[in-house]
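Below: the structure, in structure tokens.
Where a number appears in this text, it was derived from the coordinates with a stated rule and is not lab data. For clarity, every value in this text was computed on a predicted model and none was experimentally measured. Ideal geometry is used to build each Cβ from the backbone, glycine not excepted, and the neighbour counts take in all protein chains shown.
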Amino acid sequence: MKGRIFSGVQPTHTLHLGNYLGAVRNWVRMQKEYECIFCVVDLHAITLWQDPKELTHNIREVTAAFMASGIDVEHGIIFAQSQVRAHAQLAWILNCVARVGWLNRMTQFKEKAGKDRENASVGLYTYPVLMAADILGYKATHVPVGEDQKQHLELARDIAQKFNTDYGVELFPLPEPVIGGPATRVMSLRDGTKKMSKSDPSDYSRIKMTDDADAIALKLRKAKTDTEPLPGPEALDEKGHIKREADEARPEAFNLLSIYAALSDRSLADVVNSFAGKEFSVFKKELTDLAVSVLGPIGSEMQRLLNQPGDIDRVLRQGAERAEAISEPILREVEDTIGF
Ligand code: ADP
Ligand code: NA
């Protein structure tokens, strides 16, 4: 039997190159091997206040990004979390399984809540339990995770295990992480030590999936670099990985080279060899052409889809029906087990 993947993205801002290379593109490639369920996690988004009009737009935009990247809605499922009741219902049940001490150890809450923790929403605190419900509510066997979500997946496994033990059942399978290919961590164009993020205040820090050729060219021209020519093979170890000292000395250079490698599906060693000793101006031109050739068609397809919002809404409705067909019986099984 095929494994089942569940993964989601928050509809908060326009998706960027990091989301594409680190998540969406990998999902597209997993479609053959796995049964895929992709969720626009709008319940997660409202753990921080969202403007209602923007939220509605962003739900459609993330859906368009999935479709334009090559997620096949005939085979896989794309839907919005809020349209399937099982997520919130199962999250409540799992809130009663998870322990306060477990949530207190989640580092992302500490980062996102910042200094004023007392004033964070309760939803932000219990967010990882909702994520556990997303995954377990479909008995997903595999979850593609970035670095930042590893701890949350570990928690989902702990919750599944405790539920099974508490009720003496083998109801939930323990979901396994699937680590993506190269460039699982795309860094900011303005600071090679920070990850490219939707929430970075600088628009020049990221290339958006909707950026046109001019915007991509401008952002790459402005991307931070150093004054040396590009590094050569001496910066890599025998496995082709960047040596730690080299990466620490020139994070921006290696970020751009890694982006080039990921976009062209070539190994980093191969790309480093081709540009060794060249000037950044030369390399950035080639990177721009490459990025435009990959993202350009996706961006215009997104635009085309967004001009037909009714079609996107229909995809989401059909996706929700198919998602419900899987999650409703599982929720009923959980309720039976508990004694409801
Ligand atoms: P952001 O961190 O920009 O707010 P999300 O948290 O919504 O983005 O992440 C959505 C998906 O994209 C996750 O699977 C996450 O691991 C991946 N992702 C986010 N930023 C990056 C990045 N800079 N490099 C690689 N993958 C990323
Ligand atoms: Na994030």
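A few notes on this one:
- The mean of 1/r over all pairs of different alpha-carbon atoms in segment 78-234, once inverted, gives a Kirkwood hydrodynamic radius of 18.6 Å.
- Rg and Dmax [Cα atoms of segment 1-160; Å; Rg one decimal, Dmax integer]: 15.3, 47
- Helical segments meeting 15 Å axial Cα length and Kyte-Doolittle 0.0 threshold in the chain (DSSP H): 122-136, 251-264, 280-306
- Packing-based exposure ordering (other Cβ within 10 Å, fewest first) of PHE275, PHE109, PHE79, PHE6: PHE109, PHE275, PHE79, PHE6
- The value of relative contact order for the chain, using C-alpha pairs under 8 Å at least six residues apart, is 23 percent.
- Approximating the spin labels as points 7 Å out from Cα along Cα→Cβ, the ASN119-to-ASP212 distance works out to 4.0 nm.
- The simple spin-label model puts a point 7 Å past each Cα toward its Cβ; for THR337 and LYS53 those points are separated by 4.5 nm.
- Cα pair count fraction exceeding 20 Å, expressed as % - segment 1-84: 30
- Spherically averaged projected area in nm², based on the convex hull that wraps the Cα atoms of the chain: 18.5
- Working note: Cα atoms of segment 210-304, range along each principal axis, descending, whole Å: 45, 26, 20.
- DSSP beta bridges fully contained in the chain are about 15 percent antiparallel.
- Under the simplified labelling scheme, the GLU238-ASN95 pair shows an inter-label distance of 5.5 nm, with each label point 7 Å from Cα along Cα→Cβ.
- The chain: most fluctuating residue of ARG157, ARG25, ARG304 per GNM, C-alpha cutoff 10 Å: ARG304
- Fewest-first sequence of ARG60, ARG332 by Cβ atoms within 10 Å of each Cβ: ARG332, ARG60
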